[in-house]
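Notes to accompany the following structure.
None of the figures in this text is laboratory data; all of them are computed from the coordinates on show. Note that this is a predicted model, so its numbers are computed, not measured. Cβ placement follows ideal geometry from the backbone for every residue including glycine, while neighbour counts extend to all protein chains displayed.
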Amino acid sequence: MSLQQFLDRLEQVQSDATVAFEAASTVDALEEARVAFLGAKSGQFKDAQKLMGTVEKTEKPTAGKRLNEVKNAITSAFETANERLSGGGDEAPDPTFDPTLPGIAPALGHIHPITQTIQHLAEIMGRMGFEVAEGPEVEDPWHNFVALNIPDDHPARDPLDNFYLATAGAGEDVGEGDRLLRSQTSTVQIRVMQERKPPIRIISLGRVYRPDSPDATHFPMFHQMEGLLVDRHVTMANLKTVLRVFANNYLGDEVEIRFRTSFFPFTEPSVEVDFLWNDQWIEFGGAGMVDPNVFRAVGYDPSKVSGFAFGLGVERLCMRRHGITDIRDLYSGDLRFLRQF
Amino acid sequence: MLVSWKWLSRYVDITLAANALTDKMSLSGLNFEGSETVEDDLVIDLEVTSNRGDCLGHIGVAREIAVLTDQSLKAPNVEFQASGPDASESLSVQNEYPEACPQYTARVIRGVKVGTSPEWLQQSLRRVGIGVVNNVVDVTNYVMMECAQPLHAFDLAKVASGSIIVRPAKKDEAITAIDHREYLLPADACVIADADAAIAVAGVMGGASTEVSEATTDLVIEAADFVPLSVRRTARALKLHSPSSFRFERRVDPAGIDWASRRACQLITEIAGGHVAPGVLVTGGPAPDRAPIILRRSQMERLLGITIDANAIAKILRGLGCTEDGTEHWIPPTWRHDLTREVDLIEEVARVHGYDQIPENAPIPVTPSSTRPFDGLTQRVRHLLTASGFTEAMTPSVVTAKLDETVSPWTDREALQTRTPMLEGAKRLRRTLLPSLLQSRAFNWSSASITADLFEIAHVYLPPDDDADGLPSESYHLGIIGGDDFRATKGVVESLCQRIGIHETLGVTRFDCDGFAPGTAVQLQLPDGSTCGIMGLLSTSLCKQFKTPGPIVVAELSLDALQSVANLVPQQRPVSPYPSIKRDLNLVMPETVSWKQLAEIVTHAADSKLAELRYQETYRNAKQDGDGQKRVLFTVELQSKTETLSGADADHVIHDIVSRAGNQLDAKLLS
């Protein structure tokens, strides 16, 4: 037999074996194919191997090398097929595999509950067309008081009730200062109204500061969300409707809402807003119709536009939602607290 | 303010049960804070807002009840017989400080017998939390709790020269008050003085020298109006807050002063005997007439969204004490300083009519709203950081000097300070978030042995450049603390940049900054060269100071700076369909060569064929390579966008890299 004929025969066996192994769809069929090609007595490869003797002696090294390659290829094709088929469960289960062992948790961080609350509030208000606005936390008295209709002699301006900044350089600070940490986010409303013309529909969110001795429900730094809507015809009925829709959304229930008369310099009429939730009236925040003096301060004509504003403490909503009982935990940076959210 | 049910019943017939009444009062402006049954009386605690000084007396509260329950108010009749010499024969009054005291009145009562008050008077005062003193002082307090006008009684015999002068305090003037403590009066305080010295701090507290005692027979009854700001400043300065100062700070009824004075005279003579001297010494006043206010129903509808019957409006306003002055014109009562404008009257009508009458089905028009790009940015930042194992903290914006002085990578200017400390002596507006995060990390370590990887997004307050008293520059920063591996934290920062669409590598420049381990502080630069952040390893001494194990890597990025180049809408970039070829390279080079230098060489040599350059590791073998040498292993992945690269193409690029690295960096290929 010529070398070429021998090599062709090997090629044929390899190709047939590969096809047969790949085609086998059961372990039995594969075993059948294995016997047919790799059988020790009358397998096709064995048969081909026997033909080696007929090859010219000088050409035997070439033939032998190829024979080896083909044997390896056929064996490997069989193993591949065998692996493919034996994965099916005929093997005994691994006794060391315990699916009840706990999973390996990825190292995940947590988003602060106040951030989660703020995002929730902004999302609900966003669906009612309110966009987020922000402003500086260090303010001048004009934005924090004057424009908000808080006159010079108003107790809200008292140095003991505000964080006025020390003036640069030496000199004693007496009375009120010309910069302070804002005591309310209403300052943002002023800044937005100064820049834009109505209609305006915004919520302002952020940190505010008031000197309060820290305890379970007080902290000198907290967050407020304030809403403002100014347009040509805005009524207190609109205010009540918006707040009711908000409450239904936030509390996830049909809730009753009520207004209680209150007093804020920047709104008239002014009300406290309560929600009836689980048979309990919950204080939500303050609200009212924007005071004409506020409109005048920002150059709006109060006879042409009207508007409502409302404000609420983010911490209180957050604490109620998550069952947090001490406001100080929120600002402790304590991971044992933070990783619960 | 505490009110007694029985006391209120002297001025109005209460037709509702207690619960129904307090609910109604809560909704209309006098918030119910609680109640207590004392003996056979119900004492109710009401929250009175600062605009309603008129409700700091029982008559004011009774008026509210009357208007809410459709009853009429029964104010007491004041009657007494004056006799004896005219008051002006015993007393003179001079007002040198009308800015602080627009109206001052004094009456004289002679021949009283000071003693204990009758039981009904003592009981009335006790129930509303006022201490019982003697029949004269008790009456002045009773009248204050009745009509909200504070009064003061002086012992006429002790008023030097029978002369009362209202004047500013003199420099370094002091007074011993009736609490028998000495107070140094602030410069602009308003005092009541006699010919010799101050005998009372106006509107705040009387003086011991003229106090009414058992020996007193002749009285001066002071009823006055002191301006709120003056009283408030003085009370604050002296830390002396009294029921009197509380009421003056909320303004008294300027037309009710004389009534209160006469009422006190009536009750004193009834209880303690004596005779009221004819005449009253008055300076200033009377208060100017109140201007009429127009109230249009159209405006009421415009603001409230409901219509209210004209008769109902009129009934409410009359009940509150307003008087009609022609159609739609109303004159507010003198005790209601808060009613000056149409909108104020609208609120009065609305609150008495009831806010429950305002409907909840008036939706606002639909309008689009969009999320600010900044909120989109911070949302991605938070997602990436939490996915990387960092937890969001929130820490106070104002820090102690100790914290402030640890690191300040953004500015050398001194931190702005609040005048009053916020927490634990903290006065400084923070210039960086890192000290607060370090403190939190240390707290977690000391309290629970937790290694806390934290981040915070908050404002930092950089003091203004030129104008020392201007507003600071405030911007949102992201502070990160965590890990002992600089590269791991840098990887988080780099991933964060990619997640917000910044694909260029951030520039890195070393800078000197206190609080960082030497040589590890770097500024991070945007492609335009501007600094967007800093990072580094905190110094060992700082870690020790906070008793927390190091090393600690920190980073702080300006989110405003990142936003200026962020692209939150990713754009697809084509993927090459051709296979890539990876080659590992191991170069030995001097220690001084930075990865950045090596990367530039590779980038230049491979040019458009560079699919990825991946750093693997550095190791050192001084025996084989000599001192000051390092081996850098890295992988170069090459790929063409237009064809399949051959092995020869790749060999060519690699050869180019090696030869450039050899020429420019003195690097040699290790086989």
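Tabulated values for the structure
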quantity	calculated
Overall Cα dimensions of chain B - principal axes, largest extent first, Å	126, 60, 48
Within the stretch B:45-183: Cβ-based charge dipole about Cα centre, in debye rounded to nearest 20 (Lys, Arg +1; Asp, Glu -1)	240 debye
Formal net charge of residues neighbouring B:Pro551 (Cβ-Cβ distance under 10 Å; K, R +1; D, E -1)	-2
Aspartates and glutamates with Cα under 14 Å of B:Lys158, excluding same-chain neighbours fewer than 8 positions away	B:Asp194, B:Asp196, B:Glu211, B:Glu214, B:Asp218
Cα pair distances of the stretch B:566-664 binned at 10 Å [whole percent]	14, 41, 28, 14, 3, 0
Rounded to 5, percent antiparallel among DSSP beta bridges of the protein assembly as shown	95 percent
Neighbourhood charge, 15 Å Cβ-Cβ cut-off, centred on B:Thr520 and excluding it, Lys, Arg +1 and Asp, Glu -1	-2
Base-10 log of normalised Debye intensity for the protein assembly as shown (one unit scatterer per alpha-carbon) at q = 0.09 Å⁻¹	-1.11
Pairwise FRET efficiency - A:Arg321 versus B:Glu504, Cβ, R0 = 45 Å, nearest 0.05	0.65
Positive-end extreme of charge dipole, chain B - chosen from B:Gly57, B:Pro359, B:Val575 (charges on Cβ)	B:Val575
Of all DSSP beta bridges in chain B, antiparallel share, percent nearest 5	95 percent
Among A:241-251, A:320-330, the order from most to least packed when residues are scored by Cβ within 10 Å on average	A:241-251, A:320-330
Whole-number Å³ per residue for the convex hull built on Cα positions in the stretch B:101-244	103 Å³
Average partner coverage of A:146-156, which counts Cβ from other chains inside 10 Å	2
Dipole magnitude (debye, nearest 20) for the stretch A:82-149, charges at Cβ of Lys, Arg, Asp, Glu	200 debye
Lys, Arg +1 and Asp, Glu -1 on Cβ, resulting dipole of the stretch B:389-471 about Cα centre, debye, nearest 20	320 debye
Isotropically averaged projected area of the stretch B:525-596, using the convex hull of Cα atoms (one quarter of hull area), nm²	10.0 nm²
Radius 13 Å from Cβ of B:Asp356, net charge of other residues (Lys, Arg +1; Asp, Glu -1)	+2
Rg [Å, one decimal], Dmax [Å, integer] - chain A, C-alpha atoms	40.3, 120
Share of Cα-Cα pairs in the stretch B:121-168 lying beyond 11 Å, as whole percent	70 percent
HN-Hα J in Hz across the stretch A:206-217 - Karplus 6.51, -1.76, 1.60, θ = phi - 60°, x for Gly and Pro	x, 7, 10, 9, 9, x, 9, 5, x, 8, 4, 10
Under 17 Å from the Cα of B:Lys74 - aspartates and glutamates, other chains or at least 8 residues apart	B:Asp13, B:Asp54, B:Glu64, B:Glu146
Listed residues A:Ala81, B:Tyr11, B:Ala521: farthest to the positive end of the dipole of the protein assembly as shown (Cβ charges)	A:Ala81
